[in-house]
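Asks: Structure incoming, see below.
The values are calculated or read from the model by the stated rules, or taken from the named source; none is laboratory data. Keep in mind it's a predicted model, so treat the numbers as computed, not measured. As a convention, Cβ positions derive from the backbone with ideal geometry for all residues, glycine included, and neighbour counts pool all protein chains shown.
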């Protein structure tokens, strides 16, 4: 495979219609910068964007290697394809169409597409030729002499023999097709394990038979793309965690345990949320306790405290409405004010 290390960036590159359209959009300059990064990234692989020439780059993977937010990456890729700057190949790889022109060389994939178009033309020409031959045979048959009885009888017997042979061959073909499907499935599974093996080795993980067997079971539950994304995210989390000294070892430990390292940011948010829930729960308990103390006071005292609260409240009408229709909610709403008054009057500590 030929490798290139430079691009021929023409002087009017930023004046082309495609780039002008890109840069006229919100985040347009980010898109054009991202486009240049992809061109450079695809140089050594003749325009194809494939990790280790095996795994198609996902938006998450491209976001990680280019430093562009993943949502921006998704929008940009869709835009590049629509503008004819990029093409998605049958194997899932993204192909940068401008690489051939910018390196001054015909890439393997451009040649492949060219040869494919030539083959299609040749196939069409051959089909047209065969059609003419069939038409000529039909014409000759319509004007030819009819077969005599002996030829018809022989032809009839030959047809029966051919039909019998045909049925036998059909059965053989069906068996071969089933075997072929099994072989294809087996190959696909092995290929997927090979993809994961290369991914693990890029992480520094020694892909043992134990790894292979475990991954084989995982691939029965989800696609290889799902696991590539999952393992890549897991590796990035571990790599960015200063507390993890041996990333490959911890990665394997989580793999076999069926666990995963939590994103520190998500973990912090969860802890904050738990703390908030605990605080709310404590406040709720205090509120219930205050209401219990309040309702144990003489009715005159309760009325006095309520009047103080209502007189200073800007939502007096609303509070009275709640008291009438939902007294429990009403006392919950004024429980903090009740507590302040009880503390002022030394009725509670």
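Asks: How about region 38-53: which of its residues are touching a strand residue (DSSP E or B) at 6+ places or on another chain (Cβ under 8 Å) and in a helix (DSSP H, G or I)?
Replies: Selection gives 38, 39, 41.
Asks: While we're here: With (1) farther than 16 Å from residue 78 by Cα; (2) assigned to a loop (DSSP other than H, G, I, E, B); (3) touching a helix residue (DSSP H, G or I) at 6+ places or on another chain (Cβ under 8 Å) as the list, and residue 11 as the residue in question, which single condition is left unmet?
Replies: (3)
Asks: Can you tell me which residue is modelled with the lowest pLDDT among those in region 89-110 that are surrounded by fewer than 17 Cβ atoms within 10 Å (Cβ to Cβ) and within 13 Å of residue 56 (Cα to Cα)?
Replies: 91
Asks: Would you please list the contacts, defined by Cβ atoms under 6 Å and residues six or more apart or on different chains, that run from a residue in region 27-44 that is free of Cβ contacts under 8 Å to residues at least 12 places away in the same chain to a residue that is part of a helix (DSSP H, G or I)?
Replies: That search, which allows pairs on different chains as well, returns 28/22; 29/23.
Asks: Assess whether residue 114 counts as being at pLDDT 65 or above and exposed (fewer than 13 other Cβ atoms within 10 Å of the Cβ).
Replies: No.
Rundown of residues vs (1) in contact with a strand residue (DSSP E or B) (Cβ under 9 Å, 6 or more places away or on another chain); (2) surrounded by 12 or more Cβ atoms within 10 Å (Cβ to Cβ); (3) not in a helix (DSSP H, G or I); (4) not assigned by TED's automatic domain parsing to the domain that holds residue 229, yes/no style:
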{"residue": "7", "(1), (2), (3), (4)": "no, yes, yes, yes"}
{"residue": "26", "(1), (2), (3), (4)": "no, no, yes, yes"}
{"residue": "32", "(1), (2), (3), (4)": "no, yes, no, yes"}
{"residue": "36", "(1), (2), (3), (4)": "no, yes, no, yes"}
{"residue": "64", "(1), (2), (3), (4)": "no, yes, no, yes"}
{"residue": "72", "(1), (2), (3), (4)": "no, yes, no, yes"}
{"residue": "76", "(1), (2), (3), (4)": "no, yes, no, yes"}
